[in-house]
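The block underneath contains the structure these notes are about, expressed in structure tokens.
The values are calculated or read from the model by the stated rules, or taken from the named source; none is laboratory data. Everything numeric in this text was worked out from a predicted model, so none of it was measured. FYI the Cβ positions are ideal-geometry reconstructions off the backbone, even for glycines, and counts take in every protein chain you see.
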């Protein structure tokens, strides 16, 4: 029985041995059936369904022979022969003749399409890496901004550090509930693909909050970021590449106060480094601002007379405050040059103002934006190849 069925099935799907052109009309039983399916919409539907599943050849043939009415079998036979023809073409055993010059043009077109596809995929991958790097650098900069704001907040209000992240933001007159120290987006707890979770420590006997912690995690792991960060009142930022909440036990982002010099690497593509360098420059300006707040509250001279005085070089003093890393104190870091200008001293010899400019070492290569800030903490930016000023537009945060 099975041998007879197999023999019958084989006869029902015999494929012509000679090559067939695209316009060939398949025949069965001496009758042309190339256009038979067009006579009945149900046949068209059936042929479409079978065509989809034509790779499962045994099932298709069995259905065609055993289950399909006689008037529809030619359609199924045609589909099967088309499938066999497609298989031969894929295997390289059937090559349709082409007009002179068409084969070469076709090969060029296929090569161009393949190359274009690779270029598009590479652009997508590069854009994704750039976005991840920029978001990570922004998250580190935002943690620095929060640390800076907390130093100012705790020295301004009797409650110590803030009870909530939202208290560092706000609009209207400055107060303990709306300190206007960070932008509204960061104060909301979500910015640049990261979620920031702030936890104040327990108040002491005087009701002051002496500690806090902040965690920054990507909204989508490996989509908006591939690293999570932790910081607290010490100012040290810690990092983990694992998909979990970071803790105080994770390694520092980089030994010492530096946090972004290692993020820009020679092996990375230029768009990635450009975005990272600019984010690091922005973060470095915040670090300097925080250092100046600490410096002016520690030493009687007010703000420092030079950028180098905020750096290290021995025991802490007005000349070596150990508040910023040596590279930033030198004035060159992550593709940017930092120019510090102290204001004139007042009658008591204190410096109450300063300005700071960050410009790319090579415009368009290590950065395409320049930044300005001063003792107000507001950072301003220009995309023109010139020195920024206090009249440029402020950044959001």
Discussion item. With touching a helix residue (DSSP H, G or I) at 6+ places or on another chain (Cβ under 6 Å), in a loop (DSSP other than H, G, I, E, B) and either at pLDDT below 95 or crowded, with 21+ Cβ neighbours inside 10 Å (or both) as the only criterion, which of 162, 234, 175 stands out?
Written reply: 162
Worksheet item: Just checking, how many residues over the stretch 314-345 are at pLDDT below 95, part of a loop (DSSP other than H, G, I, E, B), loosely packed, with under 15 Cβ neighbours inside 10 Å and out of contact with any helix residue (DSSP H, G or I) (no Cβ under 7 Å at 6 or more places or on another chain)?
Response: 4
Worksheet entry | Residue that is nearest to the chain's Cα centre (by Cα) [pool: residues in the stretch 218-231 that are within 14 Å of residue 190 (Cβ to Cβ) and part of a strand (DSSP E or B)] | 225
Item to complete: Please go through the stretch 290-307 and pick out each residue that is surrounded by fewer than 18 Cβ atoms within 10 Å (Cβ to Cβ) and modelled with pLDDT of 90 or more.
Response: 299, 300, 301, 305, 306
Discussion item. Filter the stretch 362-386 down to the residues that are touching a strand residue (DSSP E or B) at 6+ places or on another chain (Cβ under 6 Å), farther than 15 Å from residue 288 by Cβ and either in contact (Cβ under 8 Å) with a residue 40 or more places away in the chain or surrounded by fewer than 20 Cβ atoms within 10 Å (Cβ to Cβ) (or both) and list them by number.
Written reply: 366, 367, 369, 381, 382, 385
Worksheet item: If you go through the stretch 200-217 one residue at a time, do you hit one that is outside any strand (DSSP E or B), buried (at least 16 other Cβ atoms within 10 Å of the Cβ), out of contact with any strand residue (DSSP E or B) (no Cβ under 6 Å at 6 or more places or on another chain) and on the phi > 0 side of the Ramachandran plot?
Response: no
